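The values are calculated or read from the model by the stated rules, or taken from the named source; none is laboratory data. Values in this document were obtained by computation on a predicted structure and should not be read as measured data. Here the Cβ positions follow ideal geometry from the backbone for every residue, glycine too, while neighbour counts run over all protein chains shown.
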Amino acid sequence: MEFGAHLPLLEFGAERVSLAGLQATVDVARAAGFTTVSANDHFLFSTPWLDGPTALAAVLERSGDLTLATTVSLLSLRGPVPLAKTLVALDVLSGGRVVAGVGPGSSRRDYDAVGVSFEDRWSRFEEAVTILRALVGRGPMPVETNFYALPDGELQPIPVRDGGIPVWIGSWGSPAGLRRVARLADGWLASAYNTSPEQFATAQQQLAGFPNALVTMWTWITEDRSERERVLHDVLGPLLKRDSDELRDRVCVGPAGHCADLLSRYAQANCHRVHLWPLGESPRQLELFADQVASRF
C-alpha cells in the first residue's frame, strides 16, 4: 500500500492556510516516502478552503518526483476546457506527473455559486468527462454536446505524459457510480469517510484491474483518549455535518494502533493507495503517521 497526502487547504481553528504550510507538508511527504500529494475542490464550505489547483501549482518546485493529483476537481462546474488547460499546465510544468481526479461534486452550494442546476449534475458530468478525456489525450472528442462548447482546434500545449493525463473518477461506491468509473475512467477514487474496508472490498471486485485510491482519510494521531474525542466531536463531526460516532471507525483519528488496523484491513481489500488529510498541523501529523503507522507496512 502506498500513501499520499492531501495538501492543507482548510483552516482549522486559529491555524491559517499558508504557502509555508503547503511547502512543509510536501517536504515531509517526500522525506517520509509518500508517493502523491493531492488537492480537493470546493468553492464554498463551512470553513475557508484554498483553491486546489492553485495550491498544487504553488508546490511544484518542492514536489520532487511526487505525483500531483486532484482528488477531486469539480469538473462539471469548472468546465472541461478551463480545467483541461489547468491540468495540462501542471503536467507540462511538472514533467508529466499529474493525475486528474474528477467528480460532479455533492454540494448544492457550489452549483448555486456558479448558477448551474444541481439536478443536471450527472448529465453534465458524463459529458464533461468525455470532453476532458479528449482534451488531455485520453480519448476521442464527442461529435455533439448538450451542455459544453467544444474548442475548434487542439489545445496547446499538449500533455507531456505519455498517453495523456490519466482521468480518475470519484465514487462513493454505488452500483451506478462504479459502472460510471468502469465506463469512463482510468482509475477509481473512493471516499474514506463514506465507506468501510468491507464495502471497499466488495466494490473493488467489480473494478478488477482498475487502479484505485482511498481519499479524504481524515487523520489525527493521538494516544490521548480525550483528545481523540475532542477531535471527533468538536472538529470532524461539525466539519462534515456527521455524527462523530458514525465516523469513529472510518477514519485515522486516534491511536496509532487503531490507524494501523484500519489501514491493514484496506490493504487486505486490495486498496492501492491512501491519501491522508490531517485535521490541522499537517507536517507534524504526517511525521507521526510515518513514524508510528506507516512503518508497520
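Determine which member of the set 8, 53, 82 is more than 25 Å from residue 174 (Cβ to Cβ) and without any contact (Cβ under 8 Å) to a residue 24 or more places away in the chain.
Numbers: 8 fails: without any contact (Cβ under 8 Å) to a residue 24 or more places away in the chain; 53 fails: without any contact (Cβ under 8 Å) to a residue 24 or more places away in the chain.
Answer to the selection: 82.
What about residue 181, is it assigned to a loop (DSSP other than H, G, I, E, B) and either aliphatic (A, V, I, L, M) or under 30 Å from residue 244 (Cβ atoms) (or both)? Quick ask: steps written out before the conclusion?
Numbers: assigned to a loop (DSSP other than H, G, I, E, B): no; either aliphatic (A, V, I, L, M) or under 30 Å from residue 244 (Cβ atoms) (or both): yes.
So residue 181 does not fit the description; no.
Taking segment 97-140 as the search range and keeping residues that are of a type in the set (Ser, Thr, Tyr) and at pLDDT 95 or above, which one is surrounded by the fewest Cβ atoms within 10 Å (Cβ to Cβ)?
Only one residue fits best here, namely 117.
For residue 250, indicate whether it is in a loop (DSSP other than H, G, I, E, B) and in contact (Cβ under 8 Å) with a residue 12 or more places away in the chain. Spell out how you get there, then give the answer.
Details: in a loop (DSSP other than H, G, I, E, B): yes; in contact (Cβ under 8 Å) with a residue 12 or more places away in the chain: yes.
Yes; evaluated as a whole, the condition is true for this residue.
Scan segment 269-279 and tell me whether some residue there is small (Gly, Ala, Ser) and assigned to a helix (DSSP H, G or I). Scanning segment 269-279 turns up no residue that is small (Gly, Ala, Ser) and assigned to a helix (DSSP H, G or I). Residues in segment 280-297 that are within 19 Å of the chain's Cα centre (by Cα) and in a helix (DSSP H, G or I) were compared, and the one that is farthest from residue 23 (Cα to Cα) is 289.
Close Cβ contacts (under 7 Å, 6 or more residues apart or on different chains) running from residues in segment 258-269 that are in contact (Cβ under 8 Å) with a residue 12 or more places away in the chain to residues that are assigned to a helix (DSSP H, G or I) comprise 260/296; 265/197; 266/197; 266/200; 269/197; 269/200; 269/201; 269/204.
One residue stands out in segment 268-297 among those that are within 25 Å of residue 202 (Cα to Cα) and of a type in the set (S, T, N, Q): the one that is surrounded by the most Cβ atoms within 10 Å (Cβ to Cβ), namely 270. Listed conditions (1) out of contact with any helix residue (DSSP H, G or I) (no Cβ under 9 Å at 6 or more places or on another chain); (2) free of Cβ contacts under 8 Å to residues at least 40 places away in the same chain; (3) among the charged types (D, E, K, R) are all met by residue 228, apart from (1).
Among the residues making up segment 13-62, a single one is in contact with a Pro (Cβ under 9 Å, 6 or more places away or on another chain), of a type in the set (D, E, K, R) and under 23 Å from residue 192 (Cα atoms): 41. Screening residue 165 on (1) in a loop (DSSP other than H, G, I, E, B); (2) over 27 Å from residue 277 (Cα atoms); (3) among the β-branched types (Val, Ile, Thr); (4) touching a helix residue (DSSP H, G or I) at 6+ places or on another chain (Cβ under 8 Å) shows it passes everything except condition (2). Summed over segment 27-80, residues that are surrounded by fewer than 23 Cβ atoms within 10 Å (Cβ to Cβ), of a type in the set (Asp, Glu) and either more than 27 Å from residue 297 (Cα to Cα) or touching a strand residue (DSSP E or B) at 6+ places or on another chain (Cβ under 8 Å) (or both) total 2.
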